[in-house]
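> Sharing a structure, written as structure tokens. Questions coming.
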Amino acid sequence: MADVLKGKTVVVFGASNGIGAAVAELALAEGASVMAISRSGVGPKGSKGVAVDVADLRALTCALEAAGEIDHLVYTVGARLGSPALSTLTDDVLPLAFETKLFSAVHAIRLALPHLSPNASITLTSGQVSRKYGVGSLVKGTVNAAVDAAGRHLAKELAPRRVNVVSPGVVDTSLWGEAGSEGRAATIARVSSALPVKRVGAPAELAQAYLFAMTNGFVTGALIDVDGGGLL
Ligand SMILES: NC(=O)c1ccc[n+]([C@@H]2O[C@H](COP(=O)([O-])OP(=O)(O)OC[C@H]3O[C@@H](n4cnc5c(N)ncnc54)[C@H](OP(=O)(O)O)[C@@H]3O)[C@@H](O)[C@H]2O)c1
């Protein structure tokens, strides 16, 4: 494929790093104009980087107004939460998880509504722990399950615009620690050995799923698992 997003405007939330950065890069490679939103405002070369904390609705409103007509909105923001068991859960973690990944996503979509093209797509991000249960997955699991549900409700409410959710398995990003750190390498090695494909995902592999959700006009209300078989 080449230039399948030519002439389209794509707004990626969480585009400074990891999965969101890979989505922004792929959208640029496919010919889109890309607005890359994050707190740092860093985006891939060729994108329009905008520094916004998604909790700041006023700043979010201004950024979306500056985007012009939006063809595709992609939301990949998520806080780095660790995997606390219930007994070690501090009172800031649940609100942070839900605010960054669900509440701000819903508000971003609401504020984008006046700017969405008639056939716009929206792609949210959840994660396999919405349906893979275990100690330490309570916070991520519940917020991801909420995102799964929000995607399907919004697919009905916003039709004929399309709304989908990409659900990653473990992907090698800074979510697991800084590049080169021992902790990240150990997590990646442990998870890899247990997966059918014997490795974790790369951000670029996830980006392909977002591109599919953006460009296939018959896909809406879908939950797209890209997890190396992690849910089996
Ligand atoms: N990586 C995995 O294994 C995995 C697995 C399942 C699900 N997921 C989900 O996939 C999504 C992306 O994960 P990732 O691994 O790519 O994470 P990441 O590398 O930590 O990237 C997160 C992005 O969100 C931005 N961000 C964080 N808080 C923000 C805020 N308050 N306002 C604006 N931007 C904010 C960060 O940029 P700034 O720091 O510059 O703001 C960064 O661009 C998350 O929802 C995560 O839960 C990931």
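Here, each number is a calculation from the coordinates, and none is a lab measurement. Not measured: the values here are computed from a predicted model. We place every Cβ from the backbone using ideal geometry, glycine too, and count neighbours over all the protein chains shown.
> So the check is Cβ under 6 Å with 6+ separation or different chains; which pairs have a first residue in the stretch 155-179 that's in contact (Cβ under 8 Å) with a residue 40 or more places away in the chain and a second one that's aromatic (Phe, Trp, Tyr)?
Pairs that qualify, where the first residue is in contact (Cβ under 8 Å) with a residue 40 or more places away in the chain and the partner is aromatic (Phe, Trp, Tyr), are VAL166/TYR210.
> Wholly within the stretch 50-162, which helices (runs of 4 or more DSSP H) include no fewer than the required count, namely at least 1 residues that are closer than 24 Å to THR9 by Cα? Please lay out each step first, then the result.
Numbers: elements: 57-66, 93-98, 104-112, 138-157.
So the answer is 57-66, 104-112, 138-157.
> I've got another one for you. Any idea which residue in the stretch 8-42 is nearest to GLY201 (Cα to Cα), counting only those that are within 12 Å of the ligand (Cβ to nearest atom) and in a loop (DSSP other than H, G, I, E, B)?
My answer is ASN17.
> Moving to a separate point now. Can you work out which of the residues in the stretch 199-218 that are outside any helix (DSSP H, G or I) and touching a helix residue (DSSP H, G or I) at 6+ places or on another chain (Cβ under 6 Å) is farthest from GLU25 (Cα to Cα)?
ARG199
> If I ask for residues that are of a type in the set (D, E, K, R) and within 21 Å of PRO196 (Cβ to Cβ), which ones from the stretch 122-173 would you list?
ARG131, LYS132, ASP172
> While we're here: Filter the stretch 175-223 for residues that are within 14 Å of the chain's Cα centre (by Cα) and polar (S, T, N, Q) and give the result.
If the condition is that a residue be within 14 Å of the chain's Cα centre (by Cα) and polar (S, T, N, Q), then GLN208 is the only one that fits.
> May I ask you to say which residue of THR61, THR100 is under 23 Å from ARG162 (Cα atoms), within 9 Å of the ligand (Cβ to nearest atom) and among the β-branched types (Val, Ile, Thr)?
Matching residue, one of THR61, THR100: THR100.
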